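What follows is a single structure, written as structure tokens, with notes after it.
The values are calculated or read from the model by the stated rules, or taken from the named source; none is laboratory data. Keep in mind that this is a model prediction, so the values were computed, not measured. With ideal geometry, Cβ positions are generated from the backbone for all residues, glycine too; neighbour counts draw on all protein chains shown.
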Amino acid sequence: MKIAVASGKGGTGKTTVSVNLYRTIGKFFDKNIRLVDCDVEEPNDAIFFDNPKLIEKKEVHQLIPKIDTTKCTFCHKCADWCEFNAITIVKNLEFAEVNNDLCHSCGACSVACEFDAITEYPQPLGVISHFDTGIGNGLIEGRLEIGSAMQTSLIKEVKKEVSQNNSTIIFDAPPGTSCPVVETVSDVDYIVLVTEPTPFGLHDLKITVELLKDLKKPFGVIVNKAGLGSDDVYSYLNKQNIEFLSDIPFVKEYAANYASGKIFENIPAEIEGTYMDIAEELMSKNLPS
Ligand code: SF4
Ligand code: SF4
């Protein structure tokens with residue numbers, strides 16, 4: 001079963017929920033579990049494990065096209081074929097250029113060009129690391145090259161690294177509702193949405209719910225930091241007939257553990273119990289594989 005943990009905005013506790021669910025399921029329900037950190041701009045799942053052992057690290061590249069203006073006839077065919085508007089051709093000025101930040105390395109322009117004017121060169125996309133966390137099959141993390149805007153491309157590469165031999169996979173999705181989130185959740189069986197009971201939390205939750213409805217993905221909601229805000233989020237879930245998975249109570253002393261990366265130490269009984277209940281609920285779901 002593939003489960004993604006997502007949130008409409010940062011700071012809701014999505015990462016805490018991801019690693020805690022991974023730990024709880026891995027310890028008590030399914031040892032054949034894998035955690036995948038798809039929050040490639042700011043991956044930090046690894047810091048919550050005691051001495052995670054780096055097993056493998058590899059650089060990932062994407063192929064970017066380059067136009068040789070001595071061969072180019074400025075026919076514009078490559079730009080017409082490019083779905084991402086990454087190519088600018090100005091015939092009068094004999095100008096031809098690829099915008100690396102927009103290019104998705106699909107290769108269409110190279111196929112389109114009939115004048116052998118396009119070659120491709122590798123550009124760093126990021127680093128993919130495998131860690132032994134001491135729980136289940138460990139963690140795979142994608143870390144985007146600084147300055148790169150190609151989150152989605154790296155997430156695709158990260159997902160290729162995940163073997164089908166894991167019976168449970170938890171994907172920690174990037175925050176928000178843009179393409180990297182869609183890429184992360186596109187092939188999962190269920191999505192755990194993490195929100196908080198504040199006006200900002202509710203606002204972003206509504207946007208994310210619309211996205212998941214469009215994608216026709218089953219999902220349920222966890223309200224983190226419960227007890228801190230208003231009841232509006234519960235009214236919304238009720239009105240929209242959205243599955244409410246659980247509250248996670250706000251415990252001030254435990255919140256301090258997050259800041260020091262020690263979320264597995266001195267876990268209050270009510271929080272440990274909450275994760276057990278959520279894990280049990282998720283593992284009992286009869287979802288298509
Ligand atoms: S298709 Fe080839 S020849 Fe035509 S504009 Fe693009 S690079 Fe130049
Ligand atoms: S590789 Fe694809 S995305 Fe990149 S410039 Fe060529 S057609 Fe556009």
Point to revise | Subset of segment 179-203 [over 25 Å from residue 169 (Cα atoms) and either touching a residue at least 40 places away in the same chain (Cβ under 8 Å) or in a loop (DSSP other than H, G, I, E, B) (or both)] | key: 197, 198, 200, 201, 203
Check your understanding: In this structure, is residue 65 surrounded by 12 or more Cβ atoms within 10 Å (Cβ to Cβ), more than 11 Å from ligand 2 (Cβ to nearest atom) and under 24 Å from residue 147 (Cβ atoms)?
Key -> no
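Rundown of residues vs (1) surrounded by 13 or more Cβ atoms within 10 Å (Cβ to Cβ); (2) touching a Cys at 6+ places or on another chain (Cβ under 6 Å); (3) modelled with pLDDT of 95 or more; (4) not assigned by TED's automatic domain parsing to the domain that holds residue 155, yes/no style:
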residue: 6; (1), (2), (3), (4): yes, no, yes, no
residue: 19; (1), (2), (3), (4): yes, no, yes, no
residue: 33; (1), (2), (3), (4): yes, no, yes, no
residue: 38; (1), (2), (3), (4): yes, no, yes, no
residue: 44; (1), (2), (3), (4): yes, no, no, no
residue: 70; (1), (2), (3), (4): no, no, yes, yes
residue: 73; (1), (2), (3), (4): yes, no, yes, yes
residue: 86; (1), (2), (3), (4): yes, yes, yes, yes
Check your understanding: So, of the residues in segment 235-269 that are free of Cβ contacts under 8 Å to residues at least 12 places away in the same chain and among the hydroxyl-bearing types (Ser, Thr, Tyr), which turns out to be farthest from residue 204 (Cα to Cα)?
Key -> 260
Study note, to complete from the structure: For residue 102, the lone unmet condition from (1) among the hydrophobic types (A, V, I, L, M, F, W, C); (2) exposed (fewer than 13 other Cβ atoms within 10 Å of the Cβ); (3) outside the structural domain of residue 184 (by TED's automatic domain parsing) is (2)
Exercise for review: Quick one: residue 198 ticks every box in (1) of a type in the set (S, T, N, Q); (2) modelled with pLDDT of 95 or more; (3) more than 30 Å from residue 135 (Cβ to Cβ) except a single one, so which number is it?
Suggested key: (2)
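Would you confirm, using the coordinates I've provided, whether residue 189 is more than 16 Å from ligand 1 (Cβ to nearest atom), under 26 Å from residue 11 (Cβ atoms) and either among the basic types (Lys, Arg) or touching a Ser or Thr at 6+ places or on another chain (Cβ under 8 Å) (or both)? It would help to see each step written out before you state the result.
Values: more than 16 Å from ligand 1 (Cβ to nearest atom): yes; under 26 Å from residue 11 (Cβ atoms): no; either among the basic types (Lys, Arg) or touching a Ser or Thr at 6+ places or on another chain (Cβ under 8 Å) (or both): yes.
In short, no.
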Revision key, fill the gap. Among (1) of a type in the set (S, T, N, Q); (2) surrounded by fewer than 16 Cβ atoms within 10 Å (Cβ to Cβ); (3) within 16 Å of ligand 1 (Cβ to nearest atom), residue 123 falls short only on (3)
Review point. Which condition number does residue 145 fail, the rest of (1) under 26 Å from residue 9 (Cα atoms); (2) touching a residue at least 24 places away in the same chain (Cβ under 8 Å); (3) among the acidic types (Asp, Glu) being met?
Key: (2)
Practice item. Working only within segment 68-86, note down all residues that are within 16 Å of residue 116 (Cα to Cα) and within 11 Å of ligand 2 (Cβ to nearest atom). Key: 77, 78, 79, 81
Practice item. Output the strands (runs of 3 or more DSSP E) that fall wholly within segment 50-134 and possess 1 or more residues being within 22 Å of the chain's Cα centre (by Cα) and small (Gly, Ala, Ser), or say none. Key: 118-132
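Mind listing whichever residues of segment 46-84 are of a type in the set (Gly, Ala, Ser) and away from ligand 1 (no atom under 14 Å from the Cβ)? Full working, then the answer.
Residues of segment 46-84 of a type in the set (Gly, Ala, Ser): 46, 79.
Residue satisfying the conditions is 46 alone.
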